[in-house]
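Notes follow once the structure below has been shown.
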Ligand code: MN
């Protein structure tokens, strides 16, 4: 299922590399003690360092360094014991220093990888080239005062991790899967909140195309600052098609930076792409000692690493016998994985059935009411108990669905609701038998029809019994008794 763009002359394949900027979860900024919290009054959290005052000295925030190491370990990457902060020189109104402190040829994290799942269920490993730490710039605000531009430096100096993949993705789907996995990993690690719509995780896509089967790397264009996974996939699709059209019409692609317009679903030129030497990188003399990561620090962080989504999914499959798809859906968020695991611990709750109840019925209620698993009123123990109650025949599946709504509305456990509302399933064989006898007697021609071979009529009888018992009779017992009685 290779992703191929059919042109008039050739078939083309796409080469994609992604640069992801992740805002580091940290109280303070990367080189100052100003708050890194966002959303306050403009210019409220700006130290002299963040405002680029002359003579101020940056000091590395060790917690941000630990967060980068943790993310590196989560991406199976080499941690560089020594790395160097470098100045990346450029002028922007919202960059008061006139340079960004970043890392250039010696980043804190080197080669790593993450695994994505393709449409057909197979796995693909995507290489990661590096992760480096850098500071964010401020923000220009053009729509606050008519005829004027304002600068908000609150974001200036906030720590970012830039994670650069190898150009190893070959379809919009793969790029989407990579971002989804990356987002999930940083969220599980607690190193970035992954909120793409708030800009705390954003993505630049490097896109080029080549004739199918060729191994050349043609000129790439960079689509900058895409802030949703859906837009990323659309931007790549558009950009790749644009390259194909240019090549097939005899043109050539210029290396440049482009922006994606989601409304028009197209990319347009932002600026010609600078090369690294345009930035005149050099080691920051204010941070002249290499950044050192000790063995002790790496060992400590390793010992604190949570179980990551892939490992946890594998354990769910092995330990609880879950189908692969269910396990993958449960680990998409740590909160849902935790919820499932608590529910499945309940005595008598079969894990597969608990997962099913959660992913079908509970999920439907959550979607319907637009609430997240973090905010649901139903305790995981109640969901597990609900599974157990279906399992031992106390209630039927239909009642279980109703109870999910009732538990959410009343914040009460299933047992007390079943008692109060008389929802207990009728499993009393004698009582059901009596009802069945009555129904067969009242519908002699249907009974005759069934006996003569019209087996479809079983559905009619089951429906009648359900109706007569208000849906509370145990379906297993109904079926068994009906078969017995109708074959006589
Ligand atoms: Mn960057």
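Only one entry of 34, 93 meets the criterion of being in the same structural domain as residue 275 (by TED's automatic domain parsing), surrounded by 14 or more Cβ atoms within 10 Å (Cβ to Cβ) and away from the ligand (no atom under 16 Å from the Cβ), and that entry is 34. Do we have any residue at all in the stretch 199-206 that's surrounded by fewer than 18 Cβ atoms within 10 Å (Cβ to Cβ), within 16 Å of the ligand (Cβ to nearest atom) and in a loop (DSSP other than H, G, I, E, B)? The answer is yes; a qualifying residue exists. Every listed requirement among (1) touching a helix residue (DSSP H, G or I) at 6+ places or on another chain (Cβ under 9 Å); (2) within 27 Å of residue 410 (Cβ to Cβ) is met by residue 392 save one, (1).
Which one of 114, 160 is within 16 Å of the ligand (Cβ to nearest atom), in contact with a strand residue (DSSP E or B) (Cβ under 7 Å, 6 or more places away or on another chain) and not in a loop (DSSP other than H, G, I, E, B)? Talk me through it step by step, then tell me what you get.
Values: 114 fails: within 16 Å of the ligand (Cβ to nearest atom).
It is 160.
Taken over the stretch 184-198, the criterion of being touching a strand residue (DSSP E or B) at 6+ places or on another chain (Cβ under 6 Å) and either part of a helix (DSSP H, G or I) or farther than 10 Å from residue 67 by Cα (or both) is satisfied by 186, 194.
In the stretch 100-111, how many are more than 13 Å from the ligand (Cβ to nearest atom) and under 13 Å from residue 283 (Cβ atoms)? The number of residues fulfilling the criteria is 2.
Among the residues of the stretch 68-77, those that are buried (at least 17 other Cβ atoms within 10 Å of the Cβ) and away from the ligand (no atom under 16 Å from the Cβ) comprise 69, 70, 72, 73, 74, 75, 77.
Being surrounded by fewer than 13 Cβ atoms within 10 Å (Cβ to Cβ) and without any contact (Cβ under 8 Å) to a residue 24 or more places away in the chain is the filter here; which residues of the stretch 259-273 pass it? Talk me through it step by step, then tell me what you get.
Our first condition is that a residue be surrounded by fewer than 13 Cβ atoms within 10 Å (Cβ to Cβ); within the stretch 259-273, this holds for 263-265, 268-269, 271-272.
Answer for the stretch 259-273, where residues must be surrounded by fewer than 13 Cβ atoms within 10 Å (Cβ to Cβ) and without any contact (Cβ under 8 Å) to a residue 24 or more places away in the chain: 263, 264, 268, 269, 271, 272.
Residues in the stretch 133-154 that are surrounded by 22 or more Cβ atoms within 10 Å (Cβ to Cβ) and within 16 Å of the ligand (Cβ to nearest atom): 133, 135, 136, 138. Applying the selection to the stretch 297-328, what residues are part of a loop (DSSP other than H, G, I, E, B) and crowded, with 17+ Cβ neighbours inside 10 Å? Selection gives 308, 322.
Out of all the residues in the stretch 367-398, which are part of a helix (DSSP H, G or I), closer than 16 Å to residue 342 by Cα and in contact (Cβ under 8 Å) with a residue 24 or more places away in the chain? First the steps, then the outcome.
So the first thing to find is which residues in the stretch 367-398 are part of a helix (DSSP H, G or I), and the list is 367-369, 373-375, 380-391, 397-398.
Right, trim to closer than 16 Å to residue 342 by Cα and you get 373-375, 380-388.
The answer is 373, 374, 380, 381, 382, 383, 384, 385, 386, 387, 388.
For residue 167, only one of the following conditions fails: (1) surrounded by 21 or more Cβ atoms within 10 Å (Cβ to Cβ); (2) in contact with a strand residue (DSSP E or B) (Cβ under 6 Å, 6 or more places away or on another chain); (3) not in a strand (DSSP E or B). What is its number? Evaluating residue 167 over (1) surrounded by 21 or more Cβ atoms within 10 Å (Cβ to Cβ); (2) in contact with a strand residue (DSSP E or B) (Cβ under 6 Å, 6 or more places away or on another chain); (3) not in a strand (DSSP E or B) leaves (1) as the failure. If you go through the stretch 268-299 and keep only what is out of contact with any strand residue (DSSP E or B) (no Cβ under 7 Å at 6 or more places or on another chain) and over 23 Å from residue 69 (Cα atoms), you end up with 274, 275, 276, 277, 278, 285. Scanning the stretch 118-132 for residues that are at pLDDT 95 or above and either out of contact with any helix residue (DSSP H, G or I) (no Cβ under 7 Å at 6 or more places or on another chain) or away from the ligand (no atom under 16 Å from the Cβ) (or both) yields 124, 125, 126, 127, 128, 129, 130, 132.
Residue check: is residue 92 in a loop (DSSP other than H, G, I, E, B) and more than 30 Å from residue 122 (Cβ to Cβ)? Break it down stepwise before answering.
Details: in a loop (DSSP other than H, G, I, E, B): yes; more than 30 Å from residue 122 (Cβ to Cβ): yes.
In short, yes.
Reported count of residues in the stretch 1-31, each being more than 16 Å from the ligand (Cβ to nearest atom), in a strand (DSSP E or B) and in contact with a helix residue (DSSP H, G or I) (Cβ under 7 Å, 6 or more places away or on another chain), is 4.
Among all residues of the stretch 42-62, there is none that is farther than 21 Å from residue 186 by Cα and within 16 Å of the ligand (Cβ to nearest atom).
The values are calculated or read from the model by the stated rules, or taken from the named source; none is laboratory data. This one's a predicted model, so the numbers in the text were calculated from it and none came from an experiment. Neighbour counts are summed over all protein chains in view; Cβ atoms, including those assigned to glycine, are modelled from backbone coordinates with ideal geometry.
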